[in-house]
1. If you plug each phi of region 97-112 into the Karplus form 6.51 cos²θ - 1.76 cosθ + 1.60 with θ = phi - 60°, what whole-Hz ³J(HN,Hα) values come out, in order, with x for Gly and Pro?
2. How many percent of the alpha carbon pairs in region 1-109 exceed a separation of 19 Å?
3. Determine the share of the chain's accessible area contributed by carbon and sulfur atoms, expressed in whole percent, with a 1.4 angstrom probe.
4. Arranged from highest to lowest average of other beta-carbon atoms within 10 Å per residue, in what order do the peptides 273-279, 342-348 appear?
5. Ignoring ligands, DNA and RNA, how do E265, E437 rank by accessible area with a 1.4 Å probe, largest first?
6. In terms of modelled amide H atoms, which long-range or inter-chain residues lie less than 5 Å from the amide H of Q45?
7. Have a look at region 345-385 and give its Rg and Dmax from the Cα atoms, expressed in angstrom.
8. Taking each pair of distinct Cα atoms in region 176-256 once, what is the resulting Kirkwood hydrodynamic radius in Å?
Amino acid sequence: MTRDLARLDAVEAVAAMKSGDITPRAYAEAVAERAVEHEHLNSLQHFDPDQLVRAAIRAFEENSAGALAGLPIVAKDNINTASMPTTGCTKALLGHTPAKDAGVIEKIASEGGYVGGKAGMHELAFGITSNNAVTGPVRNPVDPSLIAGGSSGGTAASIAAGIFPAGLGTDTGGSNRIPAALCGIVGFRPTTGRYDGDGVIPISRTRDTVGPMARSVRDIVLLDAVLAEESNARPESRDIGSITLGIPRKTFYDGLDRTTEGVVEAQLGKLASAGVRLVDIDLETVWPHNEAFGFPVVFYETARDLPAYLSEHAPGVSFESLVAGIGSPDVAGVFAHLLGEGATSEEAYRAALDEHRPAMFRIYSKAFEDDELDAIAFPTTPLGARPVGDDQTVLLNGEPVPTFATYIRNTEFGSNIGAPGITLPCPDASELPVGIEFDALPGGDRALLGLAGTIERALAA
């Protein structure tokens, strides 16, 4: 029975509970069994099986007609929950429980869903491995010796392992899409501002967003409708022959791991055979602007947004004590940089927002206009998961390359212009999971989700 329930996606689980085929209690108990079975992954930062069962019964009794009636989700541990600690997996916040739920959690509850556990993550969301020196590494369900990706690694691992059907992460430069790709699930970054950002431990107000993760596109559609409060505006399915995808060969496809390259090219070939029009495009001129925008904005806004979060949601924790308690060497190094010589000047910050971001958007939107694109398509990450502990460098085709910069290379640009992006698992990946991402124009979320559903079916055929 537990194995059967583990195979249900969120849509199926909600339908089964509404029909009475399974009870919310039985489903919650199955989740608890799977959580125990997969404890070795360290994907959950906070989990109480008794609390889970009580929450399941209460949520269904209060709203059995809701879109998420009785559905447990896992939430990244930087998203405020009043019923569980929210720690950012950093020492100064361990045990801290906020006074109220984040806005996205309130929306989940309003439709009969509930948070069943909090997911482990890269400390304070500043990294892509989820190898956390404070709370321990999150491990990949495909091979526990490998990273789950990050920073939303615990959410991705919990879903990929079948503990929870769906969940929430956050994405600043790839933190939803990277772990989704490395664990073999679907990860969605919405247009920045589409979802309520209140009550989330921040990195950058300009780049941060909550994002759903699941094992199917239709589950992402379900959660997106709730989080965006657009339940009556579901995306329409697309005719596969009407889709045009831009293929940005330069940079996005440079220096790929040979396995990743072969798998992604096979997916593109399958889509072309199904009738998708593939157009080579050139986005090379965005990269100088991208470099002048990404980290300067993060460094400037973190130094202001994080203290503001603490003042409102954790007034007993000072910014100084939080920084002093950072345990992960890579994260401590970032904070030393952003508070020291690497601090961004007001002039560089204004240039990033007023000059470089508009320039990136003009280049990107022109490519869509010139070739009548529906989306661009590229490998979510240049390589698959690598061993836990390879925090500084990883091997790419036998050569050491910087871990963070390599994994985030393809995902960062979309976040910098606030564009929606969705990564799908490649069904033909014979070894480690490989993700293929599709990005659209900002505001094109529903159309992108409709396109992703069509492509998911085509790739599985």
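The values are calculated or read from the model by the stated rules, or taken from the named source; none is laboratory data. None of the values given here were measured: they were computed from a predicted structure. Note that we place each Cβ from the backbone using ideal geometry, even for glycine, and neighbour counts take in every protein chain shown. Ligands, DNA and RNA are stripped out before the accessible areas are found, and what is left, the full protein with its side chains, is counted by its heavy atoms. Shrake-Rupley method; radii C 1.70, N 1.55, O 1.52, S 1.80 Å.
1. Ordered by residue, 3J(HN,Hα) equals 10, x, 6, 9, 6, 5, x, 5, 5, 4, 5, 4, 5, 5, 10, x Hz.
2. On the way: 2831 of 5886 pairs.
Beyond 19 Å sits 48 percent of the P(r) for region 1-109.
3. Numbers: 8330 of 16710 Å².
For the chain, the apolar C and S fraction of the accessible surface comes to 50 percent.
4. On the way: 273-279: 15.0, 342-348: 12.6.
Highest to lowest by the protection proxy: 273-279, 342-348.
5. Working: E265 65, E437 0 Å².
Largest accessible area first, the residues go E265, E437.
6. K118, A119, G120
7. Expressed in Å, the Cα Rg and Dmax of region 345-385 come to 14.9, 39.
8. Values: mean 1/r = 0.0664 Å⁻¹.
15.1 Å is the Kirkwood radius here.
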